[in-house]
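J.: I'd like to ask some things about the structure below.
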Amino acid sequence: MLKFDLTLFVQIIEALVLAVLLNIILIKPVMEFLEERRRQYKGLEREIEDLLRQVESGLKNYQEALASARKEGLLKREALKEEARRIEREELSRVAREMEQFKKSWESTFKSEFAKLREEVFAQREYFAVLIVEKLLGRKVWPRESTE
C-alpha cells in the first residue's frame, strides 16, 4: 500500500529538480547542437543550390556561346567557300581567255603555214604530176620539163 508522507513529496521534488537540471545540463545543449547542425545543413543546401544554379547558368552561357561560335564558323566557312568559288571562276575565265588567245594565235600560225605549204605544193604541181604519171606508167618520163 502507498504511504502519502513527506518522502513522497521529497521524491517528487527530487524528480522535478533532476528533470530541470537534466534539461538545463544535457537536453538543451544537445537540442541546441542538433538545431545548429540542422541550420548548417540547410545553409550548405542553399549554397549547393546556388552553386548548381550558377553552374547551370554558366553551362547555358557556354552552350549559347558555343552555338554562336558554330554559327559564326559556318558563316565564315560559307563566305570562304564563296570566295574560293569566285576565285575559281575568275581563274577559269582567265585560263579560258588565255586558251582562246592561244587558239587564235595557233590558228593564225597554222593558216599562214598551211598557205605557205599550199603555195609550195601548187608551185611544184607539175613535178608531182610527173611523179604520179611515172608511178602509174611504171616508167620514167624523160626529159622532165621544169616550170621553175
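J.: Would a scan of the range 38-46 turn up a residue that is at pLDDT below 95, polar (S, T, N, Q) and either part of a helix (DSSP H, G or I) or touching a helix residue (DSSP H, G or I) at 6+ places or on another chain (Cβ under 6 Å) (or both)?
T.: No, every residue in the range 38-46 fails to be at pLDDT below 95, polar (S, T, N, Q) and either part of a helix (DSSP H, G or I) or touching a helix residue (DSSP H, G or I) at 6+ places or on another chain (Cβ under 6 Å) (or both).
J.: Contact list please: Cβ distance under 8 Å, first residue in the range 130-142 and among the acidic types (Asp, Glu), second residue surrounded by 10 or more Cβ atoms within 10 Å (Cβ to Cβ), pairs at least six apart or on different chains.
T.: If the second residue must be surrounded by 10 or more Cβ atoms within 10 Å (Cβ to Cβ), the pairs left are 134/140; 134/141.
J.: Can you tell me which of (1) at pLDDT 90 or above; (2) over 60 Å from the mean Cα position of the chain (by Cα) is the one residue 99 doesn't meet?
T.: (2)
J.: Six or more apart or on different chains, Cβ under 9 Å: which pairs go from a residue in the range 72-99 that's on the phi > 0 side of the Ramachandran plot to one that's in a helix (DSSP H, G or I) and surrounded by 10 or more Cβ atoms within 10 Å (Cβ to Cβ)? Could you list them?
T.: No pair meets every condition.
The values are calculated or read from the model by the stated rules, or taken from the named source; none is laboratory data. Since we're looking at a predicted model, the values are computed, not measured. Backbone-built Cβ (ideal geometry, glycine too); neighbour counts: all protein chains shown.
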